[in-house]
Protein chains: 2
Amino acid sequence: MAIILARRMADLRASDIREILKLTQRPEVISFAGGLPAAEVFPVEAMIDLTANVLRREGHRSLQYSTTEGHPPLRRAIARRMNATTGTRVDEDEILITSGSQQGLDLSAKVFLDEGDVVLCESPTYLGAINAFRAYRPRFVEVPTDDEGMNIEALERLVAHHERVKMVYVIPNFQNPTGRTWSLRRRRGLIEVASRWQLPVIEDNPYGEVRFAGEAVLPLKALDGAHLVVHLGTFSKTLAPGLRIGWVAAQPSLLHKYVLAKQGADLHTSTLAQMQIAEYIEEGMLDRNLPLIRELYRERRDAMIAALAEHLPAGASHTRPDGGLFLWVTLPPELDAREVLKDCIAEDVAFVPGGSFFPNGGHENTLRLNFSAMPVERITEGVKRLCAVLSRHLEGSQARASCV
Amino acid sequence: MAIILARRMADLRASDIREILKLTQRPEVISFAGGLPAAEVFPVEAMIDLTANVLRREGHRSLQYSTTEGHPPLRRAIARRMNATTGTRVDEDEILITSGSQQGLDLSAKVFLDEGDVVLCESPTYLGAINAFRAYRPRFVEVPTDDEGMNIEALERLVAHHERVKMVYVIPNFQNPTGRTWSLRRRRGLIEVASRWQLPVIEDNPYGEVRFAGEAVLPLKALDGAHLVVHLGTFSKTLAPGLRIGWVAAQPSLLHKYVLAKQGADLHTSTLAQMQIAEYIEEGMLDRNLPLIRELYRERRDAMIAALAEHLPAGASHTRPDGGLFLWVTLPPELDAREVLKDCIAEDVAFVPGGSFFPNGGHENTLRLNFSAMPVERITEGVKRLCAVLSRHLEGSQARASCV
């Protein structure tokens, strides 16, 4: 006789990324595997002063329990900022503060998913969302996705074909893992399908403010005439992830369900951290720091693309993101990125094999590269090493092919 | 056609406590309804200095992503402290840092409960646990409970009688809502039953360190030869709740399941907040502040008990807690605390009707009083007003009875 766990626990596994990261924590490893924002632009000194200001001004309130919905000045600042920078029309009462946008994913699953329900998602999609949703035992149906976003005809077909489709999950800006951005046409197409079928759409937008090239595209939330979009935001990439502050923006009756779910999950998010971030925004520091982040990320993406142009063997291709933290490489179909990774680790370079980002498996000839966390010289050197391993694998597979 | 939510959402309701609190936020109301710690003893000034120290010393690391398990120095400090003050033998690897101990409740349900599984709990039990567990759609079976804790014979009978009993949830020290503390004999009895049936025991211990009278009793975790106890701790009552830092202590293979569940739920808890608390403990500030908290709470409990001795009408009784934040009043069975509350609010005094703390309903002749959040004079005045309303209700019910 032993303890009996919930059935869902059989589906939860340690994430590939985290296991790989453990192997690559030696300082000599050039790791493109993580999803870390550049720490150099974290406002450490500013945090010292603003924390002192908040504690002096707010006193005991900053350390006391507060409401599940969140600190009113932060909800207000987020609504204003979204409306001013992205074209939405969100009221402060439509904002719930969460413990990172990861919690927004968990709450979305809690609010919408019974066991066996269908989640439609991009193919590939964010590994952290797969893990969050899996605890609620849904079926994942991957919608074919290209450089413009989901194929809308395929989406419509899949919605019609599957019973119990409960929500659509997408990352329209600089997607994790591909770095792709949806066109406006596809965004409108998704909203049209969602409206016809009354399907909630979870718009995960951690990277939208980290655009360093091209023109911004309206978020789904700004196109949301039918009030079906649940927009997830975060300060992890625009300020710092260690504070774990994100938000959910949704129409009031739906937001109330998220509030009830969050009340049971952790009562509320840190009062002090919410006040720190409200202060950071109100003092104009977010707006002053964002250009530095964008410029740094652009340089690093440029360095990665330049190195790939020089070294990536023929037959492999990659995306060219206009923002965010990631770039996606597709290898010839005969290569297995997990095998490539093993040899790369021997050469002190690491990445995440792309197969992890497909909830139903396959696509082992893909990989994700992070360009935000490393200085330019390390990026150049790392890509060179990675591509040398790739070339060896390609030659090997061609030699094997010619023996047949 | 409308959005279809998960079935669990039909079971989640706004908590009584929170709805009542909204009615009683006028400053003239003397509210015994909340569960707020005394804000006067929050270390606001100390937080300013230690935050600056942490940010200067740890730099970018304090704002970066960190591991799901938690900040190693904090895990170490918690394990050491538990072992030194409560007699456990917990290793730092057996500690997971959570976003308040409320998250420990949510994760416990996620790890153990499928729909329809049975949770055994005290009768009454903590409302926040009922809400957290309800999202996983279990059946609650209440175990008869008296001043010494659960009736162990009844517990054994209920375990044998019900199929799919998956966990036992208890608050052995200064229980919320009753303020009762389990005897050592009952604790041993629970561990014996749990071992025989291989049942996980969730030991929720938010108040253990806030003992202001009597002798400490060994926690279940210290009696846990069979490694079945999941111990939940928090800094909400010993430092400040607004930081939302708690922990789970469990044997390694079980803790790993909690880690996986937390990874999906919110990745990890605030890096900066974990460092702040580690610093607070390491600098000896927790140990210096605790006696002030205990002394203040003892004074307030004394004031409440003195006022009840003077004013509580015959036929009503109350508990005499040796620690924690709450005291429990039982009225004659013909009175309904919800009706009493309505009249109390008109007199600017508030409490939580006890019925909310029984997951299967009933017991409307009980109520919970918080004594931690209010100065002595307000406690005295509030109890006087409350008891005047109670006396009116009692006279009314006696008059009605004599008319029959």
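The values are calculated or read from the model by the stated rules, or taken from the named source; none is laboratory data. Only a predicted model underlies this, so the values are computations on that prediction, with no experimental measurement involved. Cβ atoms come from the backbone with ideal geometry, glycine included; neighbour counts cover every protein chain shown. SASA here: full protein model, heavy atoms, side chains in, ligands and nucleic acids out. Shrake-Rupley method; radii C 1.70, N 1.55, O 1.52, S 1.80 Å.
Take the Cβ-Cβ distance between B:His256 and A:Ser195 as r, set R0 to 35 Å, and report the resulting FRET efficiency rounded to the nearest 0.05. Present the calculation step by step, with values, prior to reporting the outcome.
On the way: r = 43 Å, r/R0 = 1.23.
E between B:His256 and A:Ser195, to the nearest 0.05, is 0.20.
Suppose R0 equals 41 Å; then what is the FRET efficiency for A:Glu299 and B:Arg26 from their Cβ-Cβ distance, rounded to the nearest 0.05? List each step's numbers first, then the result.
Values: r = 56 Å, r/R0 = 1.36.
Plugging the Cβ-Cβ distance into 1/(1 + (r/R0)^6) gives 0.15.
Gaussian network model of chain B, Cα springs within a sub-10 Å range: biggest mean-square fluctuation belongs to which of B:Ala307, B:Ala213, B:Ala278?
B:Ala213
What fraction of the Cα pairs in the range B:240-279, stated in percent, has a spacing above 14 angstrom?
On the way: 433 of 780 pairs.
Summing the P(r) of the range B:240-279 above 14 Å gives 56 percent of all pairs.
Given Cβ point charges of +1 (Lys, Arg) and -1 (Asp, Glu) and nothing else, what value in debye, to the nearest 20, does the dipole of the protein assembly as shown about its Cα centre take?
Numbers: 94 positive and 102 negative charges, 119 e Å.
The dipole of the protein assembly as shown has a size of about 580 debye.
What part of the accessible area of the range A:244-310, given as a whole %, is carbon or sulfur when the probe is 1.4 angstrom? Please report the intermediate quantities before stating the final value.
Details: 1070 of 2060 Å².
That fraction is 52 percent.
I want to verify a result. In a Gaussian network model of chain A, Cα cutoff 10 Å, which of these has the top mean-square fluctuation: A:Thr178, A:Thr51, A:Thr269?
Checking each option, the largest mean-square fluctuation is seen for A:Thr51.
Determine the relative contact order of the range B:250-404: mean sequence separation of Cα pairs under 8 Å and six or more apart, normalised by residue count, in whole percent.
Working: 152 pairs, mean separation 37.5, N = 155.
The value is 24 percent.
Taking every pair of distinct Cα atoms and averaging 1/r, then inverting, what Kirkwood hydrodynamic radius in Å comes out for chain B?
Numbers: mean 1/r = 0.0451 Å⁻¹.
22.2 Å is the Kirkwood radius here.
Hey, if you drop one equal point scatterer on each alpha-carbon of the range B:101-168 and run the Debye formula without solvent, what base-10 log of I(q)/I(0) do you get at q = 0.19, 0.25 Å⁻¹?
-0.72, -1.11
For the range B:253-404, restrict the atom set to alpha-carbon positions and state the Rg and Dmax in Å.
Both quantities, over Cα of the range B:253-404: 21.0, 67 Å.
Under the convention of a label 7 Å out along Cα→Cβ, give the distances in nm from B:Gln25 to the same position in every other copy, shortest first.
Relative to the other copies, B:Gln25 has label-point distances of 4.3 nm.
For the range B:283-339, what is the convex hull volume of the alpha-carbon atoms per residue, in Å³? Before the final figure, lay out each step's value.
Numbers: hull volume 5.1 nm³, N = 57.
Dividing the Cα hull volume of the range B:283-339 by its residue count gives 90 Å³.
If I take all pairs of Cα atoms in the range B:24-80, what percentage of them are more than 13 Å from each other? Kindly include the intermediate steps, with their values, before the conclusion.
On the way: 1223 of 1596 pairs.
Percent of Cα pairs beyond 13 Å in the range B:24-80: 77.
List the distances, in nm to one decimal, from the label point of A:Glu283 to the label points of the same position in every other copy, shortest first, placing each label point 7 Å from Cα along the Cα-to-Cβ direction.
From this label point to the equivalent ones elsewhere in the assembly: 1.9 nm.
Looking at the range B:152-191, which trypsin sites (Lys or Arg not before Pro) are in a loop (DSSP not H, G, I, E or B) and have at most 15 other Cβ atoms within 10 Å?
Values: sites: B:Arg157, B:Arg164, B:Lys166, B:Arg180, B:Arg185, B:Arg186, B:Arg187, B:Arg188; in loops: B:Arg164, B:Arg180.
Listed in order of number, the matching sites are B:Arg164.
Between A:Ala213, A:Val340, A:Val229, whose Cα lies farthest towards the positive end of the dipole of chain A when Lys and Arg beta carbons carry +1 and Asp and Glu beta carbons carry -1, centred on the Cα centre?
The Cα lying farthest towards the positive end belongs to A:Val229.
Between the alpha-carbon centers of the range A:210-284 and the range B:192-206, tell me the distance in whole angstrom.
Computed from Cα coordinates, the inter-centre distance equals 38 Å.
Residue farthest toward the positive end of the dipole of chain A, with Cβ of Lys/Arg at +1 and Asp/Glu at -1: which of A:Val165, A:Trp182, A:Gly100?
A:Val165
Under 8 Å for C-alpha pairs, at least 6 residues apart: give me the relative contact order for chain A, rounded to a whole percent.
It rounds to 23 percent for chain A.
For the range B:197-246, what does the convex hull of the Cα positions come to per residue, in cubic angstrom? Kindly include the intermediate steps, with their values, before the conclusion.
On the way: hull volume 3.9 nm³, N = 50.
That works out to 78 Å³ per residue.
So for the range B:213-275, what are the equivalent ellipsoid semi-axes in whole Å, largest first, each being the square root of 5 times an eigenvalue of the Cα gyration tensor?
On the way: eigenvalues 109, 83, 9 Å².
Listed largest to smallest, the semi-axes of the range B:213-275 are 23, 20, 7 Å.
Taking the alpha carbon gyration tensor of the range A:204-327, what are the square roots of 5 times its eigenvalues, largest first, to the nearest whole Å?
Working: eigenvalues 214, 75, 40 Å².
That gives 33, 19, 14 Å for the three semi-axes.
Translational D (Stokes-Einstein, µm²/s) of the protein assembly as shown at 37 °C and 0.692 mPa s when Rh comes from the Kirkwood sum over C-alpha pairs?
Details: Rh = 27.9 Å.
Calculated translational D: 118 µm²/s.
In square nanometres and to one decimal, what's the mean projected area of the convex hull around the Cα atoms of the range B:158-263? Walk me through the intermediate numbers first.
On the way: hull surface 32.0 nm².
With the hull built on Cα positions only, its mean projection is 8.0 nm².
Less than 10 Å Cβ to Cβ from A:Ala46, Lys/Arg counted +1 and Asp/Glu -1: what total charge do the surrounding residues give?
Values: positive: A:Arg288; negative: A:Glu45, A:Asp49, A:Glu279, A:Glu283.
The answer is -3.
Non-local amide H neighbours of A:Val230 (under 5 Å, H modeled in plane, Pro and chain starts lacking H): which ones?
A:Val201, A:Ile202, A:Glu203
What is the range A:100-228's relative contact order, in percent, from Cα pairs under 8 angstrom and six or more apart in sequence? Mind showing how you got there, number by number?
Numbers: 192 pairs, mean separation 30.7, N = 129.
The normalised contact order for the range A:100-228 reaches 24 percent.
Lys/Arg Cβ at +1, Asp/Glu Cβ at -1, dipole of the protein assembly as shown taken about the Cα centre: which of A:Pro291, B:Ala240, A:Tyr280 is farthest positive-ward?
My answer, from the dipole projection, is B:Ala240.
Might you report the magnitude of the Cβ-based charge dipole of chain B about its Cα centre, with Lys and Arg at +1 and Asp and Glu at -1, to the nearest 20 debye? Show your work: numbers first, answer last.
Working: 47 positive and 51 negative charges, 126 e Å.
The dipole of chain B has a size of about 600 debye.
What translational diffusion coefficient, in µm²/s and rounded to a whole number, does the Stokes-Einstein relation yield for the range B:96-234 at 37 °C and a viscosity of 0.692 mPa s, taking the hydrodynamic radius as the Kirkwood radius over Cα pairs? Walk me through the intermediate numbers first.
On the way: Rh = 14.9 Å.
D = 221 µm²/s.
Do me a favour and compute the ellipsoid semi-axes for the range A:13-133 from its Cα gyration tensor, root of five times each eigenvalue, largest one first, whole Å. Write out the running numbers ahead of the final one.
Values: eigenvalues 188, 130, 49 Å².
For the range A:13-133, the ellipsoid semi-axes come out as 31, 26, 16 Å.
Of all alpha-carbon pairs in the range A:256-318, indicate the percentage at a distance above 16 angstrom.
Working: 1369 of 1953 pairs.
Counting every Cα pair in the range A:256-318, those more than 16 Å apart make up 70 percent.
Can you give the FRET efficiency for B:His227 and B:Ser402, using 1/(1 + (r/R0)^6), R0 = 56 Å, r = Cβ-Cβ distance, to the nearest 0.05?
Values: r = 59 Å, r/R0 = 1.06.
After rounding, the FRET efficiency stands at 0.40.
Where the only charges are on Cβ atoms (+1 Lys, Arg; -1 Asp, Glu), what is the dipole of the range A:50-169 about its Cα centre, to the nearest 20 debye?
Working: 15 positive and 18 negative charges, 163 e Å.
My answer is approximately 780 debye.
What's the Cα-based Rg to Rh of the range B:136-197, Rh via Kirkwood?
Numbers: Rg = 11.7 Å, Rh = 12.2 Å.
Across the range B:136-197, the Cα-based Rg/Rh ratio is 0.95.
Just add up the charged neighbours of B:Arg134: K/R +1, D/E -1, any other residue whose Cβ is under 10 Å from the Cβ of B:Arg134.
On the way: positive: B:Arg8, B:Arg13, B:Arg137; negative: B:Asp11.
Local charge sum for B:Arg134: +2.
Measuring from centroid to centroid over Cα atoms, what is the spacing of the range A:303-325 and the range A:87-119 in Å?
After rounding, the separation between the Cα centres reads 33 Å.
For A:Arg378, go 7 angstrom from Cα along the Cα-to-Cβ vector, then report the distances to that same point in the other copies in nm, smallest first.
Copy-to-copy label distances at A:Arg378, shortest first: 5.2 nm.
For chain B, with a Gaussian network of springs between Cα atoms less than 10 Å apart, report the residue from B:Arg378, B:Arg81, B:Arg196 with the top mean-square fluctuation.
It is B:Arg196.
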